[in-house]
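What follows is a short report on a single structure.
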Amino acid sequence: MALRVIVQLCRPAPRPRVLLSFCMVAMASVGREWARRLTGWGFAALLIDSLGRWGFREVCNRGRLVPPEAQGREAFDGAAYLRAAPEVSAARVGVIGFPHGGWAVLKAVLAGVVRPVSEPAFAAAVAHYPGCDPPTSALETDTLILIGDADDWTSPARCARWRDRVQTNGPTLQMKTYPGARHAFDAPSPPHPFADHYIGQDPAAMADSLVETRAFFSERLAPKPLP
């Protein structure tokens, strides 16, 4: 199956790129808004329609219909697509995902799980309110997890266990938990019931997540000044 791109936003070369991965149709507007933010910060973004590639519009409460491992592999397909463009800084490609996409990100940052041998690891990764399976190998990418402590869909306790159990062996791992914030705390709509859960924007968590994500990517993906 061919890589299905929703929108590609480019900036003048040479620019680091952030591969933006989202999965829930309910989160489509969030994905596009994050693509606009990233380009506003000086990055370029590639937004992938992973669900559409598999013939789904949403997989709410049915996440295994599109396994996170498969979506993680698609993230590397997207990275290879970006690196083929002459304006891309090939060594500085990051990945970000929300929330099924965040689950996929946490597969993509582990050694030997989904990364093709021929592809380099991502330079940085951010997972927003992701699913957190027990880690099966060591971390190979600097990773940031952002989640609300009132999230009743993707468990912050499971993500804390993921953080505590994964072997870092060099790459950095950060996790920030927002008090009172629910699933999709950066969504445009206020908290509301959805698919047997309660989701929606938390303004304080959203504002801080922008600061944290920008700083995390800028430190790892932006060109370094010459000495």
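Taking 2.2 N^0.38 Å as the expected size of a compact globular protein, what ratio does the Cα radius of gyration of region 127-197 give against it, to two decimals? Can you show the working numbers first?
Working: Rg = 13.1 Å, N = 71, 2.2 N^0.38 = 11.1 Å.
Expressed relative to 2.2 N^0.38 Å, the Cα Rg reads 1.18.
Could you list Val117, Val109 so that the one with the fewest beta carbons within 10 Å of its beta carbon is first and the one with the most is last? List each step's numbers first, then the result.
Working: Val117 5, Val109 29.
In increasing order of surrounding Cβ atoms, one gets Val117, Val109.
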Per-residue ³J(HN,Hα) for region 196-210, Karplus 6.51 cos²θ - 1.76 cosθ + 1.60, θ = phi - 60°, Hz, x for Gly and Pro: 6, 10, 10, 10, x, 5, 10, x, 5, 5, 4, 4, 5, 4, 5
Sequence-distant residues sharing a close amide H with Met175 (under 5 Å, placed H): Ile145
Net +/- balance of residues flanking Asp202 in space, Cβ distance below 11 Å, scoring K and R +1, D and E -1: -3
Alpha-carbon centroid distance for the pair region 122-139 / region 72-106, whole angstrom: 13 Å
Hz values of 3J(HN,Hα) by residue in region 99-111 - Karplus curve (6.51, -1.76, 1.60), Gly and Pro given as x: x, 4, x, x, 4, 5, 4, 6, 7, 5, 8, 9, 5
For Thr177, Thr143, Thr136, order by how many other beta-carbon atoms lie within 10 Å, fewest first: Thr136, Thr177, Thr143
In Hz, Karplus ³J(HN,Hα) per residue of region 71-81 (6.51, -1.76, 1.60; θ = phi - 60°; x = Gly, Pro): 5, x, 5, 5, 4, 5, 4, x, 5, 5, 4
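Bear in mind these aren't lab numbers, they're just calculated from the coordinates by the rules spelled out. Values in this document were obtained by computation on a predicted structure and should not be read as measured data. Glycine gets a Cβ as well: all are built from the backbone with ideal geometry, and neighbour counts include every protein chain shown.
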